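The values are calculated or read from the model by the stated rules, or taken from the named source; none is laboratory data. Note that the coordinates shown come from a computational prediction; the quantities given were computed from them, not determined experimentally. All Cβ positions, even for glycine, are placed from backbone atoms using ideal geometry, and neighbour counts span all protein chains on display. Please note that ligands, DNA and RNA were not included when accessible areas were found on the heavy atoms of the full protein model with its side chains. Shrake-Rupley method; radii C 1.70, N 1.55, O 1.52, S 1.80 Å.
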Amino acid sequence: MTMVAPQAPHVAQLSYQGKTIDLPVYFGTDGPGVLDLQGLYRETGLFTFDPGFTSTASCRSEITYIDGDKGILLYRGYPIQQLAEKSDFMEVAYLLLYGELPTSSQKGEFVQSVHKHTLVHEQISAFYRGFRRDAHPMAIMVGVVGALSSFYHDSLDIHDTAQRQIAALRLIAKMPTLAGMAYKYSIGQPFVYPQSHLSYAENMLNMLFSTPTAPYDINPVWAKAIDRILILHADHEQNASTSTIRLAGSSGANPFACIAAGIAALWGPAHGGANEAVLGMLTEIGHVGRIPEFIKRAKDKEDPFRLMGFGHRVYKNYDPRAFVLRETCHEIMGESGMKDNPTLQLAMELERVALADDYFIEKKLYPNVDFYSGIIFRAMGIPVSMFTVLFAIARTVGWISQWKEMMADPMQKIGRPRQLYVGQGYRDFIPMEKRLEEKT
Ligand code: CMC
């Protein structure tokens, strides 16, 4: 698939030091237009300055569209609510990778191809033994996914479409296996192999919870919830981890190494690590009686504390993914034994209080997807340290779709931002004997 070169029906003018230059303005299918600044430095000697890229479109993409003000998220044009309700993760993965929903036979072939690649090389298990048993599974994932590049490097020509395709399938197929192994290693249980008769979500549960000693019955409500979480997390346009992957990939790096870089970026609490941070926060709050105290802290400018799982850089309306997951969360809570769970009760009360609070209403800070995914994972007994790993499994589909799109884009070039230098000006080297001792 090749993208059409953008047309420039509009022009903006920029005047600086007596010179006026024309800057083309492009409009995509939907959303704000973009000012093409590629000629800015050449024409004016100026760079743009946009820390956090709050006004910067770093690429063209046909994959995902977000309207943060209206709370809209589309994958290849399809609204996330419809996909979550009517589709399944394998179908959504196909859609993100290839641009269209699969026919029945295309879907069958795709699912089979994914199953074919779920096993990891036995040598990979040796990597796990090098980690401490208490290592964070995200740290392990950064290591072992990066290590996959050593298995698929010399044989991989990233300029060949078919080989990029196989790398994408391998990544999607192997991520749950590697994640299950990370968990099993941390609790000292034997690794569980993937099973071809199980769905993607069922396999994830089986590789986390089954043991060789007893049959493990997969709860269909849980499998459905996991599948839904996978759909909702599959892509989110140019967020921190996806941008990391595009930047790493722009140099022609190995895709497995690029995904490892994306996992590292996802780990932070301001991004994917928020689902884990939500549970940390709930534990810190302890019981419903202390909610007002923490709400007060979240509003205090002098206090760095924030309500984890609330707010979003792009959504200044309800996150549509959170909307869907809220429903799933209440479904899971409705399961026997869940209603009396104090952590879940605390989460539901926090949600209620924050949604009614003026500070959160005015700043449009709604619960985000991580708030609910954290609670659901907790209800299933998935350990907190695994939460972001499950996010990484889902997002791998988006990451690799974005990487494939970038590799096929004729406008693609190595990403190389510039800076506003505010350090020392030119100065001559000072010999040791002439350096003054700094008193601290
Ligand atoms: N609790 C309390 N106040 C908040 C929160 C929060 N969770 N989030 C934002 N604010 C306030 C912030 O203090 C600021 O106030 P003021 O205008 O008075 O200075 C205002 O709201 C705007 O915040 P910001 O930090 O400028 O907004 P941002 O777009 O840079 O940050 C965010 C977005 C997600 C990093 C932030 O809302 C946050 O830290 N949330 C908690 C962490 C979290 O849940 N992250 C998951 C994001 S969704 C998953 C993903 O996409 O990876």
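Brief remarks on what is shown
- Taking region 76-114 as the range and being β-branched (Val, Ile, Thr), within 16 Å of Ala201 (Cα to Cα) and open to solvent by 20 Å² or more (accessible area, probe 1.4 Å) as the test, only Val111 passes.
- Leu346 vs. criteria within 13 Å of the ligand (Cβ to nearest atom), more than 14 Å from the chain's Cα centre (by Cα) and farther than 30 Å from Gly249 by Cα: no
- Subset of region 314-328 that is charged (D, E, K, R) and in contact with a Gly (Cβ under 8 Å, 6 or more places away or on another chain) - its residue that is nearest to the ligand (Cβ to nearest atom): Asp319
- Residues in region 179-197 that are assigned to a helix (DSSP H, G or I) and either closer than 18 Å to Ala234 by Cα or in contact with a Pro (Cβ under 7 Å, 6 or more places away or on another chain) (or both): Ala179, Ala182, Tyr183, Lys184, Ser186.
- Residue in region 188-224 that is modelled with the highest pLDDT, counting only those that are within 30 Å of Asp67 (Cβ to Cβ) and not aromatic (Phe, Trp, Tyr): Ala201
- Selected residue [within 12 Å of the ligand (Cβ to nearest atom) and in contact with a Pro (Cβ under 8 Å, 6 or more places away or on another chain)] from Phe294, Phe305, Phe310: Phe310
- Condition met for Asp235 (within 16 Å of the ligand (Cβ to nearest atom), touching a residue at least 40 places away in the same chain (Cβ under 8 Å), open to solvent by less than 30 Å² (accessible area, probe 1.4 Å) and charged (D, E, K, R)): yes
- Among the residues examined, Asp227 does not qualify as within 14 Å of the ligand (Cβ to nearest atom), charged (D, E, K, R), open to solvent by less than 40 Å² (accessible area, probe 1.4 Å) and at pLDDT 95 or above.
- Candidates His330, His271 - the one that is free of Cβ contacts under 8 Å to residues at least 12 places away in the same chain and at negative phi: His330
- Inside region 168-202, residues that are open to solvent by less than 20 Å² (accessible area, probe 1.4 Å), basic (Lys, Arg) and closer than 12 Å to Val145 by Cβ make up a count of 1.
- For region 409-432, the condition holds for no residue, the condition being that it is of a type in the set (Asp, Glu), buried (at least 20 other Cβ atoms within 10 Å of the Cβ) and in contact (Cβ under 8 Å) with a residue 60 or more places away in the chain.
- Among (1) touching a helix residue (DSSP H, G or I) at 6+ places or on another chain (Cβ under 6 Å); (2) part of a loop (DSSP other than H, G, I, E, B); (3) acidic (Asp, Glu), the one test that Glu276 misses: (2)
- Entry remark, region 256-315: residues being acidic (Asp, Glu) and crowded, with 23+ Cβ neighbours inside 10 Å number 1 in total.
- Each residue in region 368-379 was checked for being open to solvent by less than 10 Å² (accessible area, probe 1.4 Å) and away from the ligand (no atom under 16 Å from the Cβ), and 0 of them qualify.
- For region 52-71, a residue qualifies if it is open to solvent by 50 Å² or more (accessible area, probe 1.4 Å), β-branched (Val, Ile, Thr) and modelled with pLDDT of 95 or more, and exactly one does: Thr56.
- Qualifying residue in region 344-359 (condition: within 26 Å of Pro137 (Cα to Cα) and surrounded by fewer than 22 Cβ atoms within 10 Å (Cβ to Cβ)): yes
- Enumerated helices (runs of 4 or more DSSP H) restricted to region 339-440, each holding at least 2 residues that are among the acidic types (Asp, Glu) and modelled with pLDDT under 90: none
- Test result for Val384, over 22 Å from the mean Cα position of the chain (by Cα), surrounded by fewer than 21 Cβ atoms within 10 Å (Cβ to Cβ) and not small (Gly, Ala, Ser): no
- The requirement of being farther than 30 Å from Tyr421 by Cα, open to solvent by 50 Å² or more (accessible area, probe 1.4 Å) and assigned to a helix (DSSP H, G or I) is fulfilled nowhere in region 19-39; no residue meets it.
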